[in-house]
Each structure stands twice: as structure tokens, then as C-alpha cells.
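Everything on this sheet refers to the single structure shown next.
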Amino acid sequence: MKQSAMAANGKRDSFRVIIVGGSVAGLTLALSLERAGIDYLVLEARDQISPQVGASIGIFSNGARILDQLGIYDSIEQHTDPPIWHDMLTGEGTLVQKVDSLRLMQIRTGYPVAFLERRQVLQLLYDHFPNRSKILTGKRVLGVDHLNRGVRVHCDDGSDFTGDIVAGADGVHSQIRQAMWQHAESHNALKHLKRDRQAMFAEYRCLFGISSAVPGLAEKTQYRTFNKDWSFLVVVGKDCQCFWFVFEKLDKVYRPPNMPSYNKDTDQNEFVKQFMARYVAQTVTFGALWQRRTAATLTVLEEAQYTHWTYDRIVCLGDAIHKMTPNIGQGGNWAIESAAALTNKLNKLLMRTKGRPVADDIRAALKDFEQSRHARTKEVCETAGFATRLEAFATLAHRLMSMYVVPYAGDMLVDVHCQAVAGAPKLDFLPPPEKSLRDGTVFQTARFVEPGDNPAWRALRALPLLATCLLNYQVLGSAAAAVVTQMDGAADRRSLAALMTDLAALQTVGMVETVRRGNNFTLAALWPVFALVGHWKGLLGYAAPVYFFVHYVQCSPDRFAAPDNRLVPRHYAKTILAAVAVGYILPAASLLFADRTHPRVFERVWQVCPLITALVHRAFASAIPNTTATERVQNPYADMRYLRLAYAAGVFISGATYCYLAITSKWYTHTFWSDALQLWQAYRGLAVPAEVSRGQLIRYHHLITFGSSLLWELLHFRDLRRAGRLNTSYLKVAGVLFGTAMLMGPGAAMALAWAWREEVLARKARWDTEAEKRR
């Protein structure tokens, strides 16, 4: 055992990575390699590792988790006072929105947004190296020679260094990227090289800097000011130190070699004149920040997404290969991600290789790194560019979205951010940090996402629901359009009573999904629309399966992995039962028991029941204080007692009606289930059963609606099992559903199953290792 370990160490010692650039990307890569036991050497062109240039950096959870694995995150926290509040303002200083979205991001990810000086991060990284002799300053790289078994790097002081690969972490004007292109051209390789040479452009410029405390700028607050062709970003950090950015659109789009450059004094002073009286907060102008500045730099904002990250033994990372605008604060975090991803690939290469890796294996590992990062990086670069243009009102659409969509989108931007960071890489050979595995964090719940479970596969699994809808139309057509208001005798009324009480249970479930936080901006929140169409056109036998289909496609378990996304706002949860009683059950009762001399009145009331219920629900909820802002952070389970009551009421009403009819009308259950068999036979023959009574049509639609609902629920339970959230077998789940349907009716079974799912989603997520075996 000891000999094999020594052999492995020897193999790793003989493999060396030359890292060009002591940047965040370069030092993170070096420290990651250090932890993996892989030899490295860092060459930094400047004379010091952490110069003061006025730059700041926001460490988000995707970068924080990796830094936590490396053991430096606790030190970073000591230099920060994370912001909680986010103020959005117009160019005139009018407050558009004040939200605690940054606090919610911390709850969901386990890490706050930590803002500090970039030089502090560089120094902390440097301080954590056990052997700093491997980090050399004053080494400006001039070129790279390719040897038979490695590379040689030449510096401007005449020194040279050899290794197995060269990693270019030397920034946006990367010398290593140029060397890679030249080497590829000499071999007539890289088919998109011409496109890469033209990839960089600049449409905006930015003055960024740091100021001491400014009166009027509150601690723990981030300020964003939006305006035509310019915007501000100010983050208040520890000891009220202010990190700020002034973005301005250039007169045209620039490309190398014609990029603007700026003089530190003359150009900066001229630039700030137009901004001195503009507001960065409601009562604070930029002039107050400028007067208290400790450092500032004016630069163009280069943007570039390169196709080729590697060729032969050269690889690039960080700004050298993916340069984005800083509006979403992900440039540094993406550099940290890429450093971790590259280390993972090199570590795996050395783990599976006997002896020193050959050139082909090295090239394959570097290409694998490139391919693993492409799609994710393309998405974040586009998002960053979009944010820059959104905040500067680049087009009318950007302006409308900034002022009239974003302020009313709730926590949608937090959802988007958390979805992005959930897929972030970590150092696979080090244990995940404790912070990242707290219950409900995106890194912990990301493990509950079934690999490859995209909307297309979900739609394919749910196709039987759409097929049910089409079969219904072919078998039954529109025969039941007016059947509800044309009942003949007590038998038909009993069938109608059973249907309506079951629909009350379904309406309860539908209203829950309408107001659930995680369903915002999805079709799943449009249950009243589907229900209204179903009622208007002749019951829900057509509309319900379509709703179940779109709900299943859009509502995967990971959508509700964050506890606050499962949450139903308490003022809605408390009033669901009352809203269904007033808006649905009372009209249904009037249809059953009221005077039948004016059937059209009752028909119209019945047809708009879903709309009435939704409006009543909104009215009732508006009378109760909305505590969602607090509960989504502090108590995301505040709705459970009310949801349990609502589901229990649905089970009781449906089950009691079914049992009453079964006891008082011996023929009812026999007829109900024989109709189910007859309907199945009709499906097989695609023909309407002969001599169908109105009561039978009601029961057919009853069976269609709730049969599809049970299939819908089985699909959701399948997801919970595959994700490791539920250990109960498929057979037991199906047994409970169909057993309850036989004993208490399909409506009670549907409500009971949805209550079960609610409990599973609300239960604190625990990773089930057996879930991996089921995948």
C-alpha cells in the first residue's frame, strides 16, 4: 500500500503544470493542484501578487464552495460584511424596488455574497500556499516552445521553465492564448481559429473603484441604478467600504486592435463630470463616492466567448478564454470554477495513467475540460451581457423589462441564479464543505435531480395524458356539453353529486398549485384557466389531462427543492378551503338542489365556477397580512398546517359522498366501476358506447378526469423515487392510490395522494444513496 502511494506521488511529481498569471484563476488552479498533489509553477508578470488597482470581487456560492474546499473561505468571511438588501433605482434616484433577494440567495446556497477587494482575495490565496517558492513574480512570459515530451516557457528576464502543459491564466490580453493560436496556425489546426481571433469586442466601458464610508449608503445593501446608456452598481461592504461601478455605452462597438485606452487622470476626470450629480441611492449622488475614493480605474469592458480553449499542451482559463461584463459578478467565480474543473480533469488523468501521461492522453484530458465548460460558460457570458444592456436600457424591450417586469418578478432572478450555480463544479477529490450540504441548499438538493431529466423526456413520459385527452374526444366528442343542467331523475343527480364533490377536491389541489411559489411564471399556475375551459366546454374530461401534462413537464422535483419554492404563501394557504367552499361547493350545491325552473342561470354559474373560486380566493387572501417575505426565509413550512386541513377536507368530502352513495344506492359503485370497464372497451374500439345516458356521460367524464389525475400523480411519485426523496415502492404507491379509489372514490384518492406528495416535498431533504442504484 505504501509502495503504491509512493509510486503515485512520484508519477504526480514528474507531471508539472506551468501556470502563467498570478490571477484569481491562476492562484486557484495552483492551490487546487497543490491539494491534488500535482506539481506546478506560477509565473506572474507583476512584481507583486496583490497590487491595488481599485478592483473588487464578489464571491458567489459557486466560487465560495470551491474556496471553502481549499480552506480559505473562512478567511474571506473575516474581510466581508455580506449585503442583504438590493435597492433598484431610476436615474433620478426614485426607488423602484427594495428586496432582500441576497439574503434568500444565502439561505438557498449556504453562502452569502461576499464583496471585498480583489487584492485581498489574491493575498489570501497566496497566504495559503505551503510552498510559496513555486509562485514567481516579475516573470513576464514572451513565448512557448513545444518539446517532444513537454513545453518550455520563456520569460523576458531570460529565464525559462519546462513542464508538461501550460495553463494561461494571464487575463483578457493573454499572451498564452496568442501562443496557442500561433502554434495551431503553424499546424493548420483549429477550424474556428479565425472566428476566435475576431471574437473580442467592447460596447461599454466602466469606471470601477473603492471608496471609504459614504453617509446615506446603508450597510448590508447593494444599489443598482438603471438609465438610458448608463448605470450604477454600488455594494456596501465591511466597515461600510463601498465598491462601485459606473457603466456607460460607447459611441460604437470596438474590436482589437482599435480598443480605446484611458489615461488615469485626464480621462477619468473628464469621464466623471457627467455623473457627479447623478444618484446612486435615493439621497446620495455619485459625487459623494468620488470624493471618498481610495482607488479607481477606467477601462473598456471586453466581451468574448472563445471556441477553442486548448490546443496541444496549452490550455487557457479565466478572462483569457471567457471574458464577460461584471454586472452579474460572475467573472471571478467562473475563473474559480474553471480552475477546479481543470484540476479535476488532470487529477483523473493521473489517477488512470500508469507512468507519465503521453501527449495524446494529455490532449484528450484538456479537450474534455474544454467541452465540459463550453455550454455553461456560453450561457453565463450571454447572461452577463444581457444584464449590462438591460440596466442601460439598450432597447425599448430592455427598458420595459427593467421597469415593468423585473420589479414584479418576485424571486425569479434568485431562481435563475440558484439554478445556474447548482450545476457548478467542485473539487471532486476533496469532500464537499459542510455549508454546501445544509438541508435545502441548492448544492445538496442538486443531487436529487435525475440526470438527463429535461422537459423533452418529461413530456415523453407524460404523453399518455395527452393521448387520454385525444381518445376522449374521439370516443365521447362533445356529447357532455350541456349534460350538467339536464339531469333526469335521482340516479343522474347522484352521479352528478359524486362528480362535483370530487371536483371540489381537485379544485383544492388546483388552487394550491396556482399560488405555489415555485410555479410562478409557469403554465402550472394557470389552473383556473384550464378549469374554466373544461367547465365551459363540457366538464373537465378534456382540459384536465392537458393541465396534468403541462404541470408534469414543468414541475420537476428540483423546482421545489428549495423549501421556499414549495411554499404556498400563508395568506393563500389559510383561505383555500374557504374559497373552494364559497366559490365552488356553494354553486355546485345550488345546481343540485335549487329550483330548476331557470336552468340557464345555474348552467352559467357552473361554467364560471373556477373563475369565481379564483376571484374569491384572491379577495379572501387580501384580507390577511402577506407574511411571505419573512416566511420564505425564516419559516418556509408555515403553510403546512393549512394545506393539511385543506387536503383533509377534500378527502373527507369526496370520500364521505362516495361512501354515502355506496351505502344508500347499492347499484352506484357497481355501475361506476362497470362504466369504467365499458369506457376502456370503448377506448379500444374508439367508438361511443351504445345508448349512453346522461348519467353515464357524467360518470365517463368523472372517470376520465380522475383516472388521468391518478396517472399524473403516479408520474410525480415516480420522480420522487428516482430523486431519492421517497423510498416507498411503486407497487405500494399504486396500491395506496387504487385501494383508496376503490374504498373512498377517485377524488379522495387524488387528494390523499397529493397530500402525501406535499409531505414528501416538505420533509427535509436527506440524500438516499439507494437513489443512485435506481437511476
With axes computed from alpha carbons, what is the tilt in degrees of helix 463-476 against the longest principal axis of the chain, rounded to the nearest 10 within 0 to 90? 30
For Cα pairs less than 8 Å apart in space and 6+ apart in sequence, what is the mean separation divided by the residue count of region 2-448, i.e. the relative contact order in percent? 21
What ranking of Leu125, Leu714 emerges when the number of other C-beta atoms within 10 Å of each C-beta is taken as an exposure proxy, fewest first? Leu714, Leu125
Radius of gyration, Dmax [the chain; alpha carbons; angstrom]: 31.5, 104
Residues whose modelled amide H sits under 5 Å from the amide H of Ile19, counting only those 5 or more places away in sequence or on another chain, are Leu41, Val42, Leu43, Ala167
D for region 129-267, whole µm²/s, Stokes-Einstein with Kirkwood Rh over alpha-carbon pairs at 10 °C and 1.306 mPa s: what number? 82
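Translational diffusion coefficient of region 2-448 at 4 °C, 1.567 mPa s, Stokes-Einstein with Kirkwood Rh over Cα pairs, in µm²/s as a whole number.
In µm²/s, the coefficient is 57.
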Give me a comma-separated list of calculated 3J(HN,Hα) values for region 165-182, in order, Karplus coefficients 6.51, -1.76, 1.60 applied at θ = phi - 60°, integers in Hz, x for any Gly or Pro. 9, 10, 10, x, 10, 9, x, 5, 9, 4, 6, 6, 4, 4, 5, 5, 4, 4
What stretch of the chain, leaving out the sites themselves, is the longest with no GluC sites (Glu not before Pro) in a DSSP loop having at most 12 other Cβ atoms within 10 Å? 93-690
What is the set of long-range amide H partners of Gly58 at a cut-off below 5 Å, with H atoms built 1.01 Å from backbone N? none
Given contacts defined as C-alpha pairs under 8 Å and at least six residues apart, what's the relative contact order of the chain, whole-number percent? 13
Gain on full stretching of the segment that runs from Thr94 to Val605 - 0.36 nm per residue minus C-alpha separation: 179.4 nm
Sites Tyr404 and Asp368, calculated FRET efficiency, Cβ-Cβ separation with R0 51 Å, nearest 0.05: 0.70
What ranking of Leu342, Leu703 emerges when the number of other C-beta atoms within 10 Å of each C-beta is taken as an exposure proxy, fewest first? Leu703, Leu342
Tell me the angle of helix 412-422 to the major Cα principal axis of the chain, expressed in degrees between 0 and 90 and rounded to the nearest ten. 60
Looking at the square roots a ≥ b ≥ c of the eigenvalues of the Cα gyration tensor of region 44-114, which shape do they give, rounded for a/c under 1.5, prolate if a/b is larger than b/c, or oblate? oblate
For region 498-507, take each phi angle, set θ = phi - 60°, evaluate the Karplus expression 6.51 cos²θ - 1.76 cosθ + 1.60, and give the result in whole Hz per residue in order, putting x for glycine and proline. 4, 5, 5, 5, 5, 5, 4, 5, 5, 4
In nm, spacing of pseudo-spin labels at Met412 and Asn188 (7 Å Cα→C-beta vector): 5.2
Helix-only [θ] at 222 nm, the chain, -39500 (n - 2.57) per DSSP H run of 4+, per residue, nearest 500, equals -16000 deg cm²/dmol
Between 0 and 90°, nearest 10: helix 609-622 axis offset from the chain longest Cα axis: 60
How far is it, in nm, from the label point at Thr395 to the one at Asp265 when both lie 7 Å from their Cα along the line to the Cβ? 4.4
Which length gain, in nm to one decimal place, applies between His154 and Gln419 when the Cα-Cα distance is subtracted from 0.36 nm times their residue separation? 91.1 nm
Using the Cα gyration tensor of region 245-382, the equivalent ellipsoid's semi-axes, largest first and to the nearest Å, work out to 41, 16, 13
Quick one: of Lys194/Lys367; Lys228/Lys273; Lys228/Lys426; Lys220/Lys345, which pairs are farther than 27 Å apart, Cα to Cα? Lys228/Lys426; Lys220/Lys345
Give me a comma-separated list of calculated 3J(HN,Hα) values for region 706-712, in order, Karplus coefficients 6.51, -1.76, 1.60 applied at θ = phi - 60°, integers in Hz, x for any Gly or Pro. 8, x, 5, 5, 5, 5, 4
Residues whose built amide H sits under 5 Å from the amide H of Gln97, excluding neighbours closer than 5 in sequence, are Met88
Apply the a/c threshold of 1.5 to the C-alpha gyration tensor of region 383-422 and tell me whether it is rounded, prolate or oblate. oblate
How do Cys316, Cys609 line up, fewest other C-beta atoms within 10 Å first? Cys609, Cys316
If you wrap a convex hull around the Cα atoms of region 357-407, how much volume per residue is inside, in Å³? 85
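Where a number appears in this text, it was derived from the coordinates with a stated rule and is not lab data. Remember, it's a predicted structure, so these values are computed and weren't measured experimentally. We place every Cβ from the backbone using ideal geometry, glycine too, and count neighbours over all the protein chains shown.
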